[in-house]
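Please read the structure below before turning to the comments.
The values are calculated or read from the model by the stated rules, or taken from the named source; none is laboratory data. Quantities reported herein were computed from a predicted structural model and do not represent experimental measurements. Virtual Cβ from ideal backbone geometry, glycine too; neighbours counted across all protein chains shown.
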Amino acid sequence: MPKTQAPTRGYTATKDQLLARLKRIEGQIRGIEGMVENDRYCIDILTQISAAQAALDKVALGLLDGHAHTCVIGAQPDQQDERTEEMMAAIGRLLRRG
């Protein structure tokens, strides 16, 4: 049986970089966990949480940029409005956290 090719996504060209960045963020989160386990000062923990959130925000913005260029602009004309609404809803969710 032939193997189907994975669809092209907005992040396909930079997938390795994206995965490496997510691994670093995973390490940051583990570091925060260790800080809590070791009873570190609250402000130091909060500073690291802020850094991890900023790193995730940067990943999200990169994904949104790729999505806009590949999945929205590159969509069939009859799908562009739907894809734009979908992207704007995702942006809204990102902005409403906390």
- Task: Could you check how many residues of region 4-44 are of a type in the set (G, A, S), at pLDDT 95 or above and more than 15 Å from A54 (Cα to Cα)?
- Result: 3
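I want to confirm something. Restricting to region 80-98 and keeping residues that are among the charged types (D, E, K, R) and assigned to a helix (DSSP H, G or I), which single residue is farthest from P7 (Cα to Cα)?
Only one residue tops the list, namely R93.
A quick yes/no check of all residues on (1) within 18 Å of the chain's Cα centre (by Cα); (2) in a helix (DSSP H, G or I):
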position	(1), (2)
E26	yes, yes
D57	yes, yes
A75	no, no
D78	no, yes
- Output the qualifying pairs, or none if there are none: Cβ atoms under 9 angstrom, residues six or more apart or on different chains, first residue in region 80-98 and charged (D, E, K, R) and surrounded by fewer than 14 Cβ atoms within 10 Å (Cβ to Cβ), second residue outside any helix (DSSP H, G or I) and at pLDDT below 95. E82/A75
- Taking region 28-55 on its own, how many of its residues are more than 13 Å from the chain's Cα centre (by Cα) and under 20 Å from Y11 (Cα atoms)? 0
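Hey, can you tell me all the residues within region 10-52 that are within 23 Å of A89 (Cβ to Cβ) and surrounded by 14 or more Cβ atoms within 10 Å (Cβ to Cβ)?
Our first condition is that a residue be within 23 Å of A89 (Cβ to Cβ); within region 10-52, this holds for 10-12, 18, 22.
Those that are within 23 Å of A89 (Cβ to Cβ) and surrounded by 14 or more Cβ atoms within 10 Å (Cβ to Cβ): G10, Y11, L18.
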- Query: Does L61 fit the bill of being assigned to a helix (DSSP H, G or I), more than 25 Å from G92 (Cβ to Cβ) and either at pLDDT 95 or above or within 18 Å of the chain's Cα centre (by Cα) (or both)?
  - Reply: no
